[in-house]
Structures are given as C-alpha cells and as structure tokens.
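Student: Have a look at this one.
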Amino acid sequence: MTIYLQMLGTGDAFSTKYYNNNAVLQDHGYTLLIDCGVTAPQAMKALGKSFQEVTETLITHIHGDHIGGLAELARTPSQEPHGKMTLLLAETLIEPLWQHPLLEPLHRKGGARSLADVFNVKPLKPDTPYTLSPSLTLELIRTPHMPGKASYSLLLNECVFYSADLTFQPELLLHLVHNRGITKILHDCQLSGRGQVHTTLRELLSLPEEIRKLIMLMHYSDEKPKFEGNTGEMEFLEQQVVYRLPDCRKDT
Ligand SMILES: Nc1ccn([C@@H]2O[C@@H]3COP(=O)(O)O[C@H]3[C@H]2O)c(=O)n1
Ligand SMILES: [Zn+2]
Ligand SMILES: [Zn+2]
C-alpha cells in the first residue's frame, strides 16, 4: 500500500517564505501530523485542510517551529469519544512540553494540570517499532540536536529516515543505509554558516555519493533559491507537494 507525504512547510525557524518544517503523512483514512509549529494552523489552511482531518500528531522535539501550533490543535475537537486530539511523543518529552511557555494557554483550560488533561497522550519508547495504521510503521531514534535537549528522528516503514533537526551524524547515516535498509533520507539542512545545532549543506556534500543520492533536503532558510543546482545529487523537498513514500516492510 502506498503512503503519501506532504510537507506543510520546509522552512527553518526563521523563514518568512516557507512554513515551519512540519508534515502530513496519509495512509487512506489515517492522517499523521509530524510536528505542529507556530505556522502549522496557517499552513493547513493554505492546503485547504483543517486540524479536524488529523488522526494523530507526533512531536519530534520541543522548539517553537515544531510545537507552537499545539495550543490551537488542542482546541480542535477530535472524532474520538474522549474528544481530545492524540499526541504521540517520547516519554522524556511529555513533562518538558507541558512546561513550555507556548503551552501556557492550555494551563488555563478548565483547570488542566498535565498534558494528558488536554491531549490523548500516547508515550512512545525509542528503538521500538509501532504500527500506526495498516500501511505505516514508526520507530523513534534519539538523535543529537541541542545539548541537553532530547530530540527524536523517525524511521518510517523501515526504510525512510526523517530527521528531527540534528547535527551532522555521518556514522548514523551510513549505519542506517548499510544495516537498517534505509533507502530515503529526509534531512534538515542549514544552507550557510556554521552548523551548531543543525547539519550544514557543506557537511551533507561531504558524504559518499551512495548516501547523497538518497537525501532530500528540508528545514532550510529563505536563501534556498540561491542554492538550487548547488546541492549535488540532493534535491530540495518542496512544501505542499505530495510525495509517494517507499514501503519496505518485510511483510507487505
Ligand atoms: N539565533 C538563534 C538560533 C536558533 N534559535 C533556536 O534554536 C532552535 C534550533 O532548532 P530549530 O528547531 O531550528 O529552532 C531554533 C530556534 O528555536 C534561536 O532562538 N536563535
Ligand atoms: Zn526546527
Ligand atoms: Zn529544533
């Protein structure tokens, strides 16, 4: 079965041309929102979509461009009997997310005292495969982003790696391709300057060709047009375009 990926946005946290790097994955009746940044409500509207179409929302890490739209998401009534939207996230993120200033509006919602009061929270363990829908599996891999801050990249359907803002990890990428059967890498990319918390284009260009040709670039700055044609084998992922994702699960 085919699943479809549509980036709500492909911009970095400071972009004024692209929405935040958030995505929707669709498996027929099931819709997974991957991260819900400040611009997510507007980006959904731009696609003629609404949060009501979202079945579950996955949070990779706690930065405004990945969580800033959650207060609005929480106000959306879900189709479930409990009425709450479902949030998937690593256990380690639950309390820091609730304490984040961007979620403060929810603290005032009917005496809410925890994330579970405003969302149907489903805690996930890293390095553990989960079946989200008939054609979609997910595994979290903890990856380095900012010191002391937990952040989780994604393995989708056993062969797509979706980076959650990470510093350059060449050994991990080689391992994923050689030992985990990864055939597509969607990677955040800082186009210029020194990469302190993100991977830079220069670093990605230093990878072997066999890895570069699997990579598509996302989470980039407004300078992107200047870099078109200068990214080697790596293409830019474009916001709002629908992509078909490979499904390499052994039992399909
Ligand atoms: N000059 C900067 C640089 C970065 N940042 C924040 O750091 C985050 C890194 O991950 P991100 O998801 O790209 O969002 C960035 C800003 O929130 C920031 O607030 N000021
Ligand atoms: Zn980000
Ligand atoms: Zn980040």
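The values are calculated or read from the model by the stated rules, or taken from the named source; none is laboratory data. Keep in mind it's a predicted model, so treat the numbers as computed, not measured. Every residue, glycine as well, gets a Cβ built from its backbone with ideal geometry; the counts of neighbours run over all protein chains shown.
Student: For residues that are closer than 17 Å to ARG180 by Cβ and in a loop (DSSP other than H, G, I, E, B), tally how many sit in the stretch 153-166.
Tutor: Adding up the residues that qualify gives 6.
Student: Please state which of the following conditions ASP127 fails to meet, knowing it meets all the rest: (1) away from ligand 3 (no atom under 16 Å from the Cβ); (2) buried (at least 22 other Cβ atoms within 10 Å of the Cβ).
Tutor: (2)
Student: Enumerate the pairs (first residue in the stretch 130-152 and closer than 20 Å to ILE67 by Cα and part of a loop (DSSP other than H, G, I, E, B); second residue anywhere and within 16 Å of ligand 2 (Cβ to nearest atom) and among the aliphatic types (A, V, I, L, M)) with beta-carbon separation below 7 Å, excluding pairs fewer than 6 apart on the same chain, so at least 6 apart or on different chains.
Tutor: Listed by first residue and then by second, the contacts come to THR143/ALA164; THR143/LEU166; PRO144/LEU166; HIS145/ALA164; HIS145/LEU166; HIS145/VAL197; MET146/VAL197; ALA150/LEU93.
Student: Just to check your reading of the model, which residue among GLN42, GLN79 is closer than 20 Å to GLU238 by Cα and away from ligand 3 (no atom under 16 Å from the Cβ)?
Tutor: So the residue among GLN42, GLN79 that is closer than 20 Å to GLU238 by Cα and away from ligand 3 (no atom under 16 Å from the Cβ) is GLN42.
Student: Moving to a separate point now. For the stretch 1-11, give me the residue count where each residue is surrounded by fewer than 23 Cβ atoms within 10 Å (Cβ to Cβ) and at pLDDT 95 or above.
Tutor: 3
Student: Going through SER133, SER163, SER153, SER206 one at a time, which residue ends up being under 26 Å from MET85 (Cα atoms) and away from ligand 1 (no atom under 15 Å from the Cβ)?
Tutor: Just one listed residue meets the conditions, SER133.
Student: Follow-up. Kindly check whether there is at least one residue in the stretch 55-66 that is crowded, with 16+ Cβ neighbours inside 10 Å, β-branched (Val, Ile, Thr), within 15 Å of ligand 3 (Cβ to nearest atom) and outside any loop (DSSP other than H, G, I, E, B).
Tutor: no
Student: If you go through the stretch 20-54, how many residues are within 16 Å of ligand 1 (Cβ to nearest atom), over 13 Å from the mean Cα position of the chain (by Cα) and outside any helix (DSSP H, G or I)?
Tutor: Qualifying residue count for the region: 2.
Student: So the check is Cβ under 8 Å with 6+ separation or different chains; which pairs have a first residue in the stretch 87-115 that's among the small types (Gly, Ala, Ser) and a second one that's surrounded by 18 or more Cβ atoms within 10 Å (Cβ to Cβ) and assigned to a helix (DSSP H, G or I)?
Tutor: Correct list of pairs: ALA112/LEU106; ALA112/VAL118; SER114/TRP98.
Student: While we're looking at this one, here's another question. Counting only residues that are more than 15 Å from ligand 3 (Cβ to nearest atom), over 12 Å from HIS66 (Cβ atoms) and part of a loop (DSSP other than H, G, I, E, B), how many does the stretch 4-17 have?
Tutor: Residues meeting the conditions: 2.
Student: I need the full set of residues from the stretch 67-93 which are hydroxyl-bearing (Ser, Thr, Tyr), in a loop (DSSP other than H, G, I, E, B) and closer than 19 Å to HIS28 by Cα, in order please.
Tutor: Passing the criteria: only SER78.
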